Structure formats: structure tokens, C-alpha cells
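Worksheet: the structure to be examined is printed underneath.
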Amino acid sequence: MPDPITAPLPASAATEPLTGFDRVAWCYDALTGLVFGPTLKKAQRAALAGLPAGSPRVLILGGGTGWILTEVLQRRPQATVLYLEASPNMLARARSRLTQECPQAAAQVEFRHGTQAALGPMEQFDAIITFFVLDCIALSEIETALAQLRAAQRPGAPWLLADFRPARRGWRRVLLTLMYAFFRLTTDLQARELPDLHPALGRLGLSPTSSAVFFGGAMEAAVFRGIEAIPQG
């Protein structure tokens, strides 16, 4: 496993203009806290109740500045983690946070620049975490992205999800429209509409075993498992 502290960032992080979520990495936590208060973390903590016991191998996709990484390691000190993030600046901030808050776990974490497409064909995980990241994937790409993640899910492993819920009307629809407009302007986000994740995951043989809603029903925390792993009757 590469050294999570000393491994260099992609060369593009130092040589290219800021693009994507690199532009907002410096203020992302403050921005989401201003808009949503503590609700984002409440939803993520609710989903983390589904973490397997012991020393699981965990995939965190799009974890941003790293709060969720330290939360996982506090709950499962023996876990090993692949931290997969598309923004070099977010990756650097997550690495710095780990050094400051959980230095004893440095050897347990691999930081990798990329998306789900950067997963190796043989990589398998005891838990997959996708918190407020699948909403950034364009509808034309979501089925492929979910299938790549599903292929990395060990039999019986939970898929921990926290994200916004689709809405066709009302204030929740206005909120989603404003969010997508803001991030298209600030990060060049290609996604323009929230994917309906429940049916998409269902087509991959996954079903929710627990679910809770937050922020007036605008957000959901859920744990999905393969249908074959859910007790019948």
C-alpha cells in the first residue's frame, strides 16, 4: 500500500488551474455547514451504523476533506480504507486531517486520486461508502458507475448511502435546482439532475435494510445489501 502521508499528489494538482471541486475545497465544509447546519453529518452518522464489526476493508468514494474518514476510523480502529477522491485538493485536505486527527492509523489508509473507474478488477470491500457523491454523476453515467461499485462489493457487504432525495415539486425541487446551478458555475459539474438511486440499485440486486430521512425529507441515510444477504420471512 502506498504511504498515505508522503505519496505525492497528481502532477495536475500543481501545474493546472483549479477545476472541479478543487475550486471549493478550501470552503466546502464551511459552505455546507452554513446551508445545512449539522444535518449532513447526522445523515452520514446514521448510515455509518451499518459498518461491519471488526476490521473491515472499507471503500470511501468522494469523501471530500476527510471528516468521514476519521469518523470511520474512530468507530472501527482496525479498519483498512481506500480513500478514492477525484479532487486533488480534497485529497490533500483529507490526508492532512488524518495526520492531525488519527496519525496512528496512517498505515491503514490508501489515498487514491480518481473515481470508481480507478478501482482494480480484483479489488473487493467489506463496506462501500458513498456519501453525497452519487448526486455528482451525470444520469448518462450513473448506471455504469453503480455497476463498477457493485463489482467491488463482497457478498453480504453493506453499501452505506447518504444523499439527497429526488423531488418533482415544492421547496425540495427548488433546493436541488439551486444546488445544481451553483455547482455547475463553481465546479463545472456535469450532472444536472439527481439520479433516482433506489431503483438503480435495485436493478443491481440491492435492497435497503434500513433508511431514515433528514432535513424535511430532502436527505436520506440508508444501508443497502444484496438481496441474497437479506434474511427472508
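The values are calculated or read from the model by the stated rules, or taken from the named source; none is laboratory data. What you see is a predicted model; the values in this text were computed from it and never measured. Virtual Cβ from ideal backbone geometry, glycine too; neighbours counted across all protein chains shown. The protein model used for the area step is the full one, side chains on, heavy atoms only, and it has no ligands, DNA or RNA in it. Shrake-Rupley method; radii C 1.70, N 1.55, O 1.52, S 1.80 Å.
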Original post:
How high is the FRET efficiency between VAL174 and ALA212 when r is their beta carbon distance and R₀ equals 25 Å, given to the nearest 0.05?
Top reply: 0.60
**OP:** If a/c stays under 1.5 just call it rounded; otherwise compare a/b with b/c (prolate if a/b is bigger, oblate if not). Do that for the range 32-108, with a ≥ b ≥ c from the square roots of the Cα gyration tensor eigenvalues.
**Re:** oblate
Original post:
Which whole-Hz ³J(HN,Hα) couplings does the range 169-179 yield from phi under the Karplus relation 6.51 cos²θ - 1.76 cosθ + 1.60, θ = phi - 60°, glycine and proline marked x?
Top reply: 7, x, 5, 5, 5, 4, 4, 4, 4, 5, 4
Subject >> trypsin sites (Lys or Arg not before Pro) restricted to DSSP loop in the range 144-178 with at most 14 other C-beta within 10 Å >> reply: ARG168, ARG169
Subject >> Solvent-accessible area of ARG203 with every protein chain in place, 1.4 Å probe, in Å² to the nearest 10 >> reply: 150 Å²
Subject >> LEU69, LEU178, ranked by accessible area, largest first (probe 1.4 Å) >> reply: LEU178, LEU69
Original post:
When you count, for each residue, the other Cβ atoms within 10 Å and take the mean per peptide, how do 130-137, 50-57 rank with the highest first?
Top reply: 130-137, 50-57
Original post:
Given labels modelled 7 Å from the Cα in the Cβ direction, how far is it in nm from ALA107 to SER55?
Top reply: 1.1 nm
Original post:
Can you give the convex hull volume of the alpha carbon atoms of the range 64-158 per residue, in Å³?
Top reply: 100 Å³
